[in-house]
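The next block holds one structure in the form of C-alpha cells; read it before the comments.
The values are calculated or read from the model by the stated rules, or taken from the named source; none is laboratory data. Values in this document were obtained by computation on a predicted structure and should not be read as measured data. For neighbour counting, all protein chains shown are included, and Cβ atoms are generated from backbone atoms with ideal geometry for every residue, glycine included.
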Amino acid sequence: MAKRKSSKKKSNSKVLVYIAWVLAFIAFILSTLVAGYYFGYKDAKTDVSKTIHSDKERRLELIKKLEKTVQKKPENMTKRLQEVLKKATKTDVSALHELDDVKLVQVKRKIKRKPKLSSKKPRLSIIIDDVGTRSQVAAIKNLKLPLTMSFLPPSKARPNTPKLAEKENFYMIHLPMEAKNFSAEEPNTLRVSDSQNTISCRIKEIKKLFPKVSYINNHTGSKFTSDEVAMNRLILALNDNKIHFLDSRTTAETKAPRVLKNFGLEYIARDVFLDHHMEKEYVLGQIKKAIKIAKTHGTAVAIGHPHKNTLQAIYESKKLFKDVELIYINKIF
C-alpha cells in the first residue's frame, strides 16, 4: 500500500512539472510577442515621425521656392511686356494727340453721379484705347485683369482689328471723330459736316465689322463732340444699333452731356487720362488718382493706351486695385 501511494505522488509531481513547463513556454511566447509588438510599434512610430519631419522640410523648401518665384515674377512680367510690345512701342505716342487743351487732363467733371453704394467696393474701369495689333492684345491679356480694350476701326495700318476683336467676349470701338487741331487724322473720320445718312451708314458699317460692339468712345473728336447737331446725329445712329457712347472728354466744350440727357441716356465719361505723359511714375500717379476718384464718388473711368510703361504701371498697381472693384465698362453702373 505504501509503494502505490509513493508512485502516485511521483506521477502527480511530473504532471505538475510538465504543466509548469508548458505555462512557462506559453509565457515566454507571449512575452516575446508583446516585446516584438512594443519595439515594432516604437520603430514604426519613429519612422512615421521621421516621415512627417521630412514632409515638413520638403514643404518649407517648396514654400521658399514659391516665394522666390513670386519675388521674381514682376521682373519676368516686365520682360514679357517688353517682348510682346517690342514692335508696337516703336510708334508709341502719348495721349496728347487726343486733347486740344493740356488743362483738360486735370478738369473735374461737373456731371452729378449716382450716390456711392456703401455695400459695394468702389468701381474702377480702365479702358485701353488705340488697340490695333496682335502684340498689343497679347500684352493687355497678359496682365490678367478686366481691362476694356477699345479697338480702332480697320485701316491700312491696322487691317486686322475686326479679327482681333471677334476673339474677345467684350470690347469697345475707338471711333475717329473730327478734331479742331490734329494732322494725323484716321481714315473715315466722322466730321461735323457729315449728314445723318453718312453717320448712320458709318455706324452700321462699324456694327457689321464688330457685331458684338455695345460701347464706343471718341478717338480725338474735340470738334465733333463740341457740335450739338453732329452729336445728335451720332447718338441717334448709335441708338438705332444699340450702342452706348462714352465721352473721352477731349474738349471742355463737349455737348455729349446735354445730348445724352435729351435722349434720356446715362452720361458716361472719362475721369483720368493715365498716360498724358509717358513716364511710368506719372502713370502710377494717375492710377492712384483714378482710385481716389472711385473711392470718393463710387465710380471712376480711366483711359490709357497700349504702351509699355502704361501696361507695366498697371501691372505694378495690382495691390492698389484691391481697394476697388476693377471692371469692364459695361459694369460701371
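When only residues in region 233-253 that are surrounded by fewer than 17 Cβ atoms within 10 Å (Cβ to Cβ) and either under 22 Å from residue 331 (Cα atoms) or of a type outside the set (A, V, I, L, M) (or both) count, which is farthest from the chain's Cα centre (by Cα)?
The residue in question is 253.
Of the residues 222, 193, 214, which single one is in the same structural domain as residue 321 (by TED's automatic domain parsing), touching a residue at least 24 places away in the same chain (Cβ under 8 Å) and closer than 19 Å to residue 180 by Cα?
From the options 222, 193, 214, the qualifying one is 222.
Look through region 208-231, keep the residues that are over 21 Å from residue 303 (Cβ atoms) and among the charged types (D, E, K, R), and return whichever of them is surrounded by the most Cβ atoms within 10 Å (Cβ to Cβ).
Taking region 208-231 and keeping what is over 21 Å from residue 303 (Cβ atoms), we get 208-209, 211, 227-230.
Then keep just the ones that are among the charged types (D, E, K, R); that gives 208, 227-228.
Working: 208: 10, 227: 21, 228: 14.
Here the answer is 227.
State whether the residues of region 128-144 include one that is in contact with a Phe, Trp or Tyr (Cβ under 8 Å, 6 or more places away or on another chain) and either of a type in the set (Ser, Thr, Tyr) or assigned to a helix (DSSP H, G or I) (or both).
no
In region 138-166, how many are more than 22 Å from residue 246 (Cα to Cα), touching a residue at least 24 places away in the same chain (Cβ under 8 Å) and charged (D, E, K, R)?
Matching residues across region 138-166 total 2.
Among the listed residues 150, 125, which satisfies the condition of being among the polar types (S, T, N, Q) and touching a Pro at 6+ places or on another chain (Cβ under 9 Å)? Spell out the reasoning first.
On the way: 150 fails: touching a Pro at 6+ places or on another chain (Cβ under 9 Å).
Exactly one of 150, 125 is among the polar types (S, T, N, Q) and touching a Pro at 6+ places or on another chain (Cβ under 9 Å), namely 125.
Please state which one of 269, 256 is among the small types (Gly, Ala, Ser) and surrounded by fewer than 24 Cβ atoms within 10 Å (Cβ to Cβ).
Within the list 269, 256, the selection yields 269.
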